[in-house]
Every structure is written in C-alpha cells, then in structure tokens.
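Student: Sharing a structure, written as structure tokens. Questions coming.
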Amino acid sequence: MGRFNAFSGALLSLAILPLANGAPAAVSSASASSSPNPPLRGSEDLLGYSPSNVLTTENTDDVPYQPVEGQNLDAIDGFYLDFESVENPQPIRGSKGGTDPGPQKGNDNYDRINSDKLAPPGTDSGSTINAQWPMGLSHNRLGLNGAGWARQENTEVMPAAKAMAGVDMRLEAGAYRELHWHVASEWSLVLNGSARIAAMNEEGQTFIDDVSKGDVWFFPPGVPHSIQALENGTEFLLVFDDGSFSEDNTFLTSDVFSHQPREVLSKNFGVPIAAFDNIPTEELYIFPGTPAPKDIQEQNVTGSAGSVPKEQSYSYHFSEQPAHEVPGGSVKIVDPLTFPIASNFSAALVTVKPGGMREIHWHPSSDEWSFFIQGKARATLFSAPSSATTFDYRQGDVGYFPRSNSHYVENTGDTDLIFLEVLQADHFSDISLGQWIGSTSKQIIRDSLRLSNETLDQLKTEKQYVVAGSTNLTSFTQP
Ligand SMILES: *[C@@H]1O[C@H](CO)[C@@H](O)[C@H](O)[C@H]1NC(C)=O
Ligand SMILES: *[C@@H]1O[C@H](CO)[C@@H](O)[C@H](O)[C@H]1NC(C)=O
Ligand SMILES: *[C@@H]1O[C@H](CO)[C@@H](O)[C@H](O)[C@H]1NC(C)=O
Ligand SMILES: *[C@@H]1O[C@H](CO)[C@@H](O)[C@H](O)[C@H]1NC(C)=O
Ligand SMILES: *[C@@H]1O[C@H](CO)[C@@H](O)[C@H](O)[C@H]1NC(C)=O
Ligand SMILES: *[C@@H]1O[C@H](CO)[C@@H](O)[C@H](O)[C@H]1NC(C)=O
C-alpha cells in the first residue's frame, strides 16, 4: 500500500482517496497519465468534519534517543548538556519537555550547539533580550581583489544592543581599510597578524604605530585614520560606542573626494583640476595596497604641530601586559586609567580554564558588549524580576548583557575559553555576587537564603573574577 504525503499532496505510490460521494476508492500513482492535474485549491467538502475525512495514524510517540549525561537529572540542577555527538538531541530535561518527532528543524546542528536553547535549565524563565549574535550569521562585505572582508553586528541584528556595535575585519597582507572617519568612537583589539595605524587629531598632531595580535587601538569620533595590514595580514575586532553603527556609513576619502566639485578640489589643494582625473569614482573600502615600508619612520609625517603626545596615544600594547592570575584562569584590563584617549572604553580580556567560570556578576555603570575569541561557553542573563535565559556561545559570537543585569560565563568546552568584555565606562568595574554575599553578615544571609552555617563558612569576601571548577560538567561537587 502506498502513502499520501499530507504536505505535498503527492501520491507516493498508491493511496486511498475519498471520492465526492464519500466512498473510498483505490487510485493509482500521480504519475499515471489518466489523472488530471488537480486545481490549485481543494474542494469545499474539505471544510470541517466529515465522516469521509482521512485520519493519518503515524506514531509520533516512539522517538528513539539516548539521553546525554545530566539530561535525566532535575531540571533546576541545569547541568550543561553536551548534545554535540548524540544522534538525536531531544528537548527534555529531567521530568520536563518532550520528544520532537519531526519535521526536522532544517539544520539540527543548531540544536546540537545550543543545548541550553533546546533543553533550557529549569531555572530559566520568562523572556529576556536576545543576548547573542554569531558573526557567522552576519552578511559578509567582501573587499576588492582578495584584499579582505568585514562582517558586523549592530542593532539591525541585535536590537537590544544599543550601546555598542562590533565589526570583525580581515585585511590580507598589504591591504588597506580605506582612510576614513566616523561619528562614533572606534576601539579595536587585534585578533591576529599585525597592522600599521595612523591618524591626525584636531591640533594637526599626527600618530603612527604598528600593532599586533592582542594590542588595542582607539580613534575618537571624527579623527581620520588609516589601517594597513603588514606583511602577514591581519584580522581585528572593532567596537563602536553606538549600537546602530554601520560599517557602510563611514566617511571614506574616496567618497569625500568624489562628492566635491572638481573646481573646489582644485582650489582647496592649489593644484589644477586635471590633478584629480584619476581619483576613484567609487568606494574602495577594503582594497590591496603597496606594502608598507618596514621602517615606520619612512611613513611618519609631522607638521609644525608635531606628533600626538605619548599620553594621548591611539594605541595600547595590551599584548605585552601580563595577565593577572585568578583561581579559574586569568584577567587583564585595559581602560582609560591606563589608556586615557579611549575615554569610556573599558575592557577585560578573560581566560577561563576548562571547568572554570567567570563568576556571577554585573556591571553597574554600563551595558556589556562581549566577544568570544576562543572556546565554548554558556551564560545566563538574569533580568529583574524573574526573567532568565541561558545562551550557548562559540568563538565568533557576540554577547550582550544590559547594565546591572547579572550573568556568569561558564567554560563548557575542553579548551581555554577566551573572551572580551567591553563597557562604556571610565574604568572597568563589576559587582561580584559571591563577594557581596560573603561580605554581608552571616546572620542576614542565613535569614535570607537559608544557607547552613557550614556553607556560610565557605563564602569569600574577595572578588574571584574567574572561579575554578570541575572539568566534569555534571559533577555535584566542586574542587
Ligand atoms: C592566526 O592565523 C593563523 C593562520 O591562519 C592561524 O594558524 C592562527 O591559529 C590564528 N591565530 C588565532 C589566535 O586564531
Ligand atoms: C611575518 O611572519 C614571519 C614568519 O612567521 C615572521 O618572521 C615575520 O616577522 C612576520 N612579520 C611581521 C611584520 O610580523
Ligand atoms: C614620528 O616623528 C616624531 C617627530 O620626529 C617623533 O616624535 C615620533 O616619535 C615619531 N613616531 C614614531 C612612531 O617613530
Ligand atoms: C559613557 O557611557 C555611559 C554608558 O553608556 C553613558 O551613560 C555616558 O554618557 C558615556 N560617557 C561619555 C563621556 O560619553
Ligand atoms: C549557626 O550559627 C549561629 C550563630 O553562630 C547559631 O546561632 C546557630 O545555632 C547555628 N545553626 C546551626 C544549625 O548550627
Ligand atoms: C561526572 O560526575 C558524575 C556525578 O558525580 C558522574 O556520574 C559521572 O560519571 C562523571 N562523568 C565523568 C565523565 O567522569
């Protein structure tokens, strides 16, 4: 006996179809030349109940699956569920949820890498903002002649991320990000390779420097700058202090030249109109260039104003700053206390060892824009009074945690997790839940949280930043 596909309406081989008079009759396959092509719309007889309606009886109650470690445990324990290597991940946690018989969700890799979405911890509730954007879903803007690319995250894709936006940009060896300026401030962390950056401020003071992986630069609003990859190419992350920033709306030199009357250019630069015969008529944006000379002095141009004073430098060689070791990893901070020109950009680069976790905290002074550079993580965004959503992050993802909304970042992989937290603040700050509870009278905490005296004795009065934890992600005890 053949089957009728309820979605396509196609007869798969032989099926029983109701006739208008209600009597079923066997008909042969749709390919039979005798059956006419059905009209686009069906019969009025299909409306509502009729004894002749066909009821399909596929069994959806028998979905085979293997629960992963932790999946059968109480949902409020909320262990990380590793769905990556299971055949058929199911939206089940403890006694909650139920099987998903299909249709398949198009790409079940989403389910595999977002287990906290498919089977959320029992402590998740309500709805929060979306705190995740994978750069892998951002439309890429490709540069000219193999020179590079750029993909961005902004409020178009992450509507609640209003305070900051980000761009991941690649420049191949010798390629330029075209000379430009913008209304927003630009903060950058070099992710790989090295680049030469140059700029000029309102005083006419100039700046030039070479930066490499792990270094940071900053250009204030309106300060025009250039970025060129050195001989091995580069990739960098840009963060802007405006969530609606778009890379497509910067002031490019090609555009500023091509939108002035030639007579005006001629007068402005004191040269004949013909001098501008070859200027680009379209944006170059990302394009190949002549390799930068090794000796930076060859490109160091200064006028009578001289160069930008050291204390206002546009770069900070963050790669050379040793990390501060903490129990579960390390942290290093760059903010206006050491990088003054980057006013209002405060960042922490956090490394979390396997099993470890950036402790539960919040930032009283700013939203946090974060970027996952290496590894796997999850975080729960808690928003008062009772909304909580857990997100799973991978390298290349953007995270966003609104001001004073608590979150932790747990390493869910077996390699070091490295991520960046960026705030709009004059210095980096956070409140640690553990430190606060540990720094409050035991009597008050005993009355409020009903913790045992033994537990109260374990609480710490010091901020941990990153706590160490068991690499067994379903362990009931911690080292
Ligand atoms: C930098 O790029 C090289 C070449 O692709 C790669 O081997 C290396 O892993 C990259 N570094 C990081 C930190 O991703
Ligand atoms: C480019 O890579 C080569 C090989 O690793 C290295 O010797 C050279 O110093 C690098 N150049 C720059 C500018 O980093
Ligand atoms: C550029 O030249 C100025 C003036 O000579 C000097 O103060 C500055 O240090 C130079 N910059 C670099 C990167 O060498
Ligand atoms: C710094 O950022 C905060 C948080 O977004 C904002 O309220 C404040 O106005 C900013 N300060 C400056 C000087 O831009
Ligand atoms: C816990 O400690 C408090 C204060 O020392 C004491 O009064 C109380 O009896 C203790 N509770 C238990 C269950 O031991
Ligand atoms: C992790 O810990 C749980 C609970 O103690 C235990 O049942 C499980 O076997 C452990 N898993 C591994 C891989 O050691």
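Student: Just grab the label-to-label distance for Asp416 and Lys332, each label 7 Å out from Cα along the Cβ direction, in nm (one decimal).
Tutor: 1.0
Student: From a point 7 Å beyond the Cα of Leu451 in the direction of its Cβ, which residues of region 343-367 have a backbone N at a distance under 13 Å?
Tutor: Within reach of a label on Leu451, which here means backbone N under 13 Å from a point 7 Å along Cα→Cβ, region 343-367 contributes 360.
Student: Which ³J(HN,Hα) values in Hz, rounded to whole numbers, follow from the phi angles of region 118-128 under the Karplus curve 6.51 cos²θ - 1.76 cosθ + 1.60, where θ = phi - 60° and Gly and Pro get x?
Tutor: Rounded to whole hertz, the list is 5, 9, x, x, x, 8, 5, 7, x, 9, 10.
Student: Below 8 Å, C-alpha to C-alpha, sequence gap of six or more: please give me the relative contact order for the chain in percent. List each step's numbers first, then the result.
Tutor: On the way: 1078 pairs, mean separation 63.2, N = 479.
Relative CO of the chain lands at 13 percent.
Student: Still on this model: Place +1 on the Cβ of every Lys and Arg and -1 on the Cβ of every Asp and Glu in the chain, take the dipole about the Cα centre, and give the residue among Pro291, Pro159, Asn109 whose Cα lies farthest towards its positive end.
Tutor: Towards the positive end, the residue furthest out is Asn109.
Student: Quick one: length gained pulling Ser35 to Thr281 fully straight, 0.36 nm per residue minus the C-alpha distance?
Tutor: On the way: separation 246, 0.36 × 246 = 88.56 nm, distance 6.09 nm.
Here the segment from Ser35 to Thr281 would lengthen by 82.5 nm.
Student: What ranking of Leu284, Leu456 emerges when the number of other C-beta atoms within 10 Å of each C-beta is taken as an exposure proxy, fewest first?
Tutor: Values: Leu284 19, Leu456 16.
Sorted ascending by nearby Cβ count, the order is Leu456, Leu284.
Student: Looking only at region 32-53, which residues have a backbone nitrogen under 18 Å from a spot 7 Å from the Cα of Ser8 in the C-beta direction?
Tutor: 32-33, 35-40
Student: Do the alpha carbons of any pairs in Lys294/Lys353; Lys117/Lys353; Lys376/Lys442; Lys96/Lys332 sit beyond 31 Å of each other, and which pairs? Don't skip to the answer; put the middle values down first.
Tutor: On the way: Lys294/Lys353 38 Å; Lys117/Lys353 24 Å; Lys376/Lys442 36 Å; Lys96/Lys332 41 Å.
Cα-Cα > 31 Å for Lys294/Lys353; Lys376/Lys442; Lys96/Lys332; rest within.
Student: A follow-up question, please. Using the beta-carbon distance between Glu69 and Tyr49 and R0 = 45 Å, what value does 1/(1 + (r/R0)^6) give for FRET efficiency, to the nearest 0.05? The partial results should precede the final answer.
Tutor: On the way: r = 48 Å, r/R0 = 1.06.
The value I calculate is 0.40.
Student: Let me ask you something else. Using 0.36 nm times the number of residues separating Ser212 and Ser386, minus their current alpha carbon distance, what extension gain do you get?
Tutor: Details: separation 174, 0.36 × 174 = 62.64 nm, distance 4.34 nm.
Length gained, Ser212 through Ser386: 58.3 nm.
Student: Please check the chain for the longest run free of trypsin sites (Lys or Arg not before Pro) that are loop-located per DSSP (anything but H, G, I, E, B) and have at most 11 other Cβ atoms within 10 Å. Walk me through the numbers before you get to the answer.
Tutor: Details: sites that count: Arg41, Lys105, Lys294, Arg450.
Segment 106-293 is the longest.
Student: Something else now. Neighbour counts of other C-beta atoms within 10 Å: give me Asp414, Asp61, Asp397 arranged from fewest to most. Walk me through the numbers before you get to the answer.
Tutor: Values: Asp414 11, Asp61 8, Asp397 23.
So the residues, fewest neighbours to most, are Asp61, Asp414, Asp397.
Student: Would you kindly state how much longer the chain becomes between Lys310 and Gln478 on full extension, computed as 0.36 nm times their sequence separation minus their alpha carbon distance, in nm to one decimal? It would help to have the intermediate numbers written out before the result.
Tutor: Details: separation 168, 0.36 × 168 = 60.48 nm, distance 4.70 nm.
That pair, Lys310 and Gln478, stretches by 55.8 nm at full extension.
Student: Moving on to the next point. Using a 7 Å offset from the Cα along the Cα-to-Cβ direction at both Gln374 and Val264, what is the distance between the two label points in nm, to one decimal?
Tutor: 5.0
Student: Kindly put Glu454, Glu172, Glu69 in sequence by how many other C-beta atoms sit within 10 Å of each C-beta, fewest to most.
Tutor: The most exposed by this proxy come first: Glu454, Glu69, Glu172.
Student: For a label point 7 angstrom out from the Cα of Asn192 toward its Cβ, which stretches of region 119-161 have the backbone nitrogen within less than 20 Å?
Tutor: Backbone N within reach: 134-153.
Values in this text are rule-based calculations from the coordinates and carry no lab data. Quick caveat: nothing in here was measured; it's all calculated off a predicted structure. We place every Cβ from the backbone using ideal geometry, glycine too, and count neighbours over all the protein chains shown.
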